[in-house]
Every structure is written in structure tokens, then in C-alpha cells.
Amino acid sequence: MTAMEQSPETPLRVRDAAQLNWDDSADLLVVGFGGAGVCAAIEAASQGVSVLALERFAGGGATARSGGVVYAGGGTPHQAEAGVEDSPEAMFDYLRQEVGDAVSAETLRGFCENSVANLAWLERHGAAFQGSVPPLKTSYPSDQYFLYYSGNEAVPSYAAQARPAPRGHRALGSGMSGINLFRPLAASAQQLGVRVQRQSEVRRLVLDDSGAVLGVEAWALPAGSRAAKKHARLSRWTDAIHPYAPALADRWRRKLRALELTHAKRRLIRAHHGVLLSAGGFVFNRAMLTVNAPRYLDGLPLGTSGCDGSGIRLGQSVGGRTARMERASAWRFINPPLAWARGLIVNAEGRRYCNEEVYGARLGHAMVEEQGGRAILILNRALMKEAYAQVGPGKVWSFQRLPAVLNMLFNARRGRSLAELAERSGLPQANLERTVAAYNAAARGDRDDELGKSKAFLAPLDEGPWYALDLSFDSKLFPCPVITLGGLTVCERSGQVLADDGQPVPGLFSAGRNAVGVASNFYVSGLSLADCVHSGRRVGVYVAGLVRAALASQGEQQ
């Protein structure tokens, strides 16, 4: 087990807060200044709460490096701008199919009913959105479009249960929009008086005799020091290079850890009304993945170096209960190119198992959880030609184009007949021929597709030659991104961390992917960021109430 994977130290226990010489204090301490942390900080500070955020790196976390998509609906102004009708009921009916029992129906309903208000709140704090919708379904739209179907809303089996509407609100700006979402929120937090101490890692919590969280023990690199400058530079490089050279990024993470262990200085920081753990998931922690979600070890961790489970483990160190830790999301996107989604995916037995038009995380779940990680895409020459045309220069993002082109050039087995294709790709011939025949019948309209695929996504594969692209989970040429979805269990009204007995751990809160939330079952694009807003604001509101109550009590005593 590496230093990064070790459990946090056991909490520091003292008789009471007066026993320690604190170096700093605030009403609310935010551990992890990403999407959930900044939303909690803004909400609390706007209500007069003093907030100090402790951030191990530069801030932003996975939110700043994400696509910047916020799942919002129920009738947002941007949906109206696009001529889209939606309602909180339709949004709830769809999300219930994705969210399952990760949160209660009451919590999910509140999430949907407050969606318009939460988007407006983001805009008041500097984020911007727009109602331009792309003409075709895509995993992530180009810079021309900022509202799209970011999940399974239009897939027939889902649309039968809920009226579909595009709800993926991408933050306005060029490129990957996560930074366009986080940067104005961070600026708003600063304007409201939120203090942020960067390169400051919380290694353990401080408890009193009753088990209440009093504050934290943090270790900070001296500001302006050579070690701090090297740490900042190396952390930027590490997260930037990770998608392309993960082994090199891992070596740099070990160097980052060495800098922290050698040069950081201890600080005790008092939290008068609560500590919020909002330090992300645990996808970069191999030990935690091995224990909780071993099927996902072959995926490409998606996020930042801070997604190492440290916030979850801090909660566990004081008795916080975890749940849904086995839940992870593998993103096997096959659109764009749209032509790929019009082909068919088979397992090792040559049989289809998932509607190819579904959102990539749904396909990835079926691939990893049900099919041993196998996914083999069957196309013919006509679809291959379409695919090349669809990923031409200027038509899609480079991160969408490069894997598609590389796999069509170097990972496609060709057969002049299905029998030859089966032999070359190691698939049972009879099964493959039956699978393609059934698919062709549906594409011709002779029968309904057995997996409920829309007619627009069906294409007859009668004429060859045929091609098989191995897009399995462990593919080196087409890495499959993974995020974790489980975390600390929390009270769904306050965000307080719950212990094994179901009672809150006094003074401790959690939000975002550090906690179980709306995005902890199946994932669709934008749901995690929307949950960061929802769960972060929830904690900010609750702590502000605690501060007001304390002030009122002091007034009465005087």
C-alpha cells in the first residue's frame, strides 16, 4: 500500500476545544474546494458564516476538469429558449429510473423541483448557460451547442416512462467547460469573504470527549517556498498528462506525496460549527478500488489526483458509515461517430446484450457488470465509411476523433463473410450469424428490435465486408474512463455524516462524490455536478442555521 493509499491517522481526541492552541478558526471548514465545496462555501458565506476552505492542490478538483455539464430541468430559461417543454414531474419520472433508491423519492423530488432555482443560483454567481441544442445525439456537444440530451431520456424504454427533454446544461465557454463553471464560482466565493488555503492537506479530524468534531489537523506547504512552487507545477502536469500517460502520472503523484510528507507544516484549525468533507471520490486509490469495486480496476481513472478517497476515509475514521462503495461508472461511449451506434455490440458469445443507442455509462455498466468486460462492435463497410466521415476534422472533439480513428485503423478485424469474421475475432459463428440476422430483420422493419432500439439507430448489415472492433473494458487503444459513485452516508435534509447507528456524527458533513447522493446509482452526464450544487448548498444552509441559532442563544444569555 502506498503512502497515498494509507488510511488517515486516527483522530486526535481531546477533552474539549480549550485544550488545544488553535492556529486558525472559522464557523465552517470546507475540506476540498471543488464543485460541492465551493457551492457550500458560497451559500454559507452569503448568510454571514465565516468559511475557510482547505485545498490540497490548486482548487476545482474534478469539477474544473470536467465537461462542465449541470443536469437541470423542469422548465429552465434555456430549455424555453430552445423551445423545449419540461416539468419537474417529467424530470423526476426520468431520474427515478436512473437514481433508483440511492436517495429517497422525497429527496429526488426536491432535487427536481429546485432544479430551475439551482441553475439560476449558479448564474447569479457568474456561471453562464445557453439554449442551443445539437441536431444529433452526442456524448458531448461541440462549441456551437450548450444544451443536449445528456442521458437516456430519448431512448424508447425510458421515454415510455417519462416525457423526454434535453437537460444537460453545459457551462458557456470554449473547450471543456468545467473550468468555465468553477472559475466564476470561486471568484464569487472570494468576494463573499471565503478564505482558501491551498496546498493544505487535512490528515486527521479533532474530536472532543463526546465524539463531536472540533476541527482538523492540516499539513500545509509554506506559501511561496520552493517546495510549494514545485508542488504546484508538478500537480498541474500530473493531472494534464494522466489521460495520455497514466503510469508517468502515477510516478509524479508519488513525488507530490514525498514533497508533502517532507515539507508540510502542521496546523490545527478550529471549526466552530462544522467540518464539510467534499474531497471527491476514490477512483485514484487502487487499494480502495480493489476492496470495493475490483471489476473497475482496468478502467482509466477520471478526475484529479485529489480523487483518492481521503475525504471518505476521514469520515470513516470517526465512525462515519459508507454505502454504495461498489458502485462505479464506466463510460463506454460509441457516439460519435453516430455510425458506431447504428452497428451492434456483442459479448464473447457473439450475442447482443444492450441497446447501442443508450448513454455510454449504461452500456459500460452492462459491459463490466454483466459481460465480464467484453464489448465487440460489429460494423460493415457502409457504416465504416459513415464513421470516418462523421469524425472528420472540425466535426467532433479530438478526444472523440482520435480513439475512433485509431480503432478503425488498427483494431478492426475484417471478414468477407460473417463466418470469416467470427473466426478472426474468436466469436462463435452460429451465434454471430443469428445475431446479425435478427438485427437485420429489425433494421428492415420486419420485426421490432429485441432490445428496443430506435429505428433511427438501426442500420441493415446485409452487405459486407464486415468488421469487428474489440472495445472491451481493458482495451489499451480505447481506454474506458471510470468514476466512483459511493461514499459517506448523510442525512438527506442536512448533509450530516451518519454513523453505523444512523445518528449524525456531531459537527461533520459531507457533499458531492465524497457522499452518497443523487448520482450514486447510475450516472448520466451532468448529474454529479448538479448533485454538488444541491448537496453543497444544503450543507451551507444548515450550517448557517446553526450559526444563527448560536447567536440567538448568546443574545438570550446576555
Within segment 221-237, residues open to solvent by less than 20 Å² (accessible area, probe 1.4 Å) and small (Gly, Ala, Ser) come out as ALA227, ALA228, SER235
Report every pair of residues separated by at least 6 positions or lying on different chains whose Cβ atoms are under 9 Å apart, first residue within segment 447-466 and at positive phi, second exposed (fewer than 15 other Cβ atoms within 10 Å of the Cβ) and not in a loop (DSSP other than H, G, I, E, B).
GLY452/SER157
Given the condition buried (at least 18 other Cβ atoms within 10 Å of the Cβ), more than 30 Å from SER115 (Cα to Cα) and either in contact with a helix residue (DSSP H, G or I) (Cβ under 8 Å, 6 or more places away or on another chain) or aromatic (Phe, Trp, Tyr) (or both), answer yes or no: does some residue in segment 166-174 qualify?
no
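Would you tally the residues in segment 324-338 being open to solvent by less than 30 Å² (accessible area, probe 1.4 Å) and over 19 Å from LEU477 (Cα atoms)?
3
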In segment 150-161, residue nearest to GLU357 (Cα to Cα) [restricted to those that are open to solvent by 10 Å² or more (accessible area, probe 1.4 Å) and not in a helix (DSSP H, G or I)]
ALA154
Given the residues ALA549, ALA544, which is the only one that is touching a helix residue (DSSP H, G or I) at 6+ places or on another chain (Cβ under 6 Å), in a helix (DSSP H, G or I) and surrounded by fewer than 24 Cβ atoms within 10 Å (Cβ to Cβ)?
ALA544
Qualifying positions in segment 526-541 - part of a helix (DSSP H, G or I) and within 16 Å of ALA62 (Cβ to Cβ):
LEU527, SER528, LEU529, ALA530, ASP531, CYS532, VAL533, SER535, GLY536
What strands (runs of 3 or more DSSP E) lie completely within segment 435-516 and have 2 or more residues being aliphatic (A, V, I, L, M) and either under 19 Å from the mean Cα position of the chain (by Cα) or within 30 Å of SER535 (Cα to Cα) (or both)?
481-484, 496-498, 504-510
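Residue-wise test of (1) under 29 Å from ALA240 (Cβ atoms); (2) open to solvent by less than 40 Å² (accessible area, probe 1.4 Å); (3) modelled with pLDDT under 95.
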site	(1), (2), (3)
GLY61	yes, yes, no
ALA64	yes, yes, no
TYR71	yes, yes, no
HIS78	no, yes, no
TYR94	no, yes, no
ASP101	no, no, no
ASN114	no, no, no
TRP121	no, yes, no
In this structure, is TRP466 modelled with pLDDT under 95 and either over 30 Å from VAL99 (Cα atoms) or of a type outside the set (Lys, Arg) (or both)?
no
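Being outside any loop (DSSP other than H, G, I, E, B), free of Cβ contacts under 8 Å to residues at least 60 places away in the same chain, open to solvent by less than 60 Å² (accessible area, probe 1.4 Å) and under 30 Å from ALA293 (Cβ atoms) is true for just one of LEU363, LEU377. Which residue is that? Show your work before the answer.
On the way: LEU377 fails: free of Cβ contacts under 8 Å to residues at least 60 places away in the same chain.
Only one candidate qualifies: LEU363.
The values are calculated or read from the model by the stated rules, or taken from the named source; none is laboratory data. For clarity, every value in this text was computed on a predicted model and none was experimentally measured. Positions of Cβ are generated from backbone atoms using ideal geometry, with glycine treated the same way; all protein chains shown enter the neighbour counts. With ligands, DNA and RNA removed, areas are computed over all heavy atoms of the protein, side chains included. Shrake-Rupley method; radii C 1.70, N 1.55, O 1.52, S 1.80 Å.
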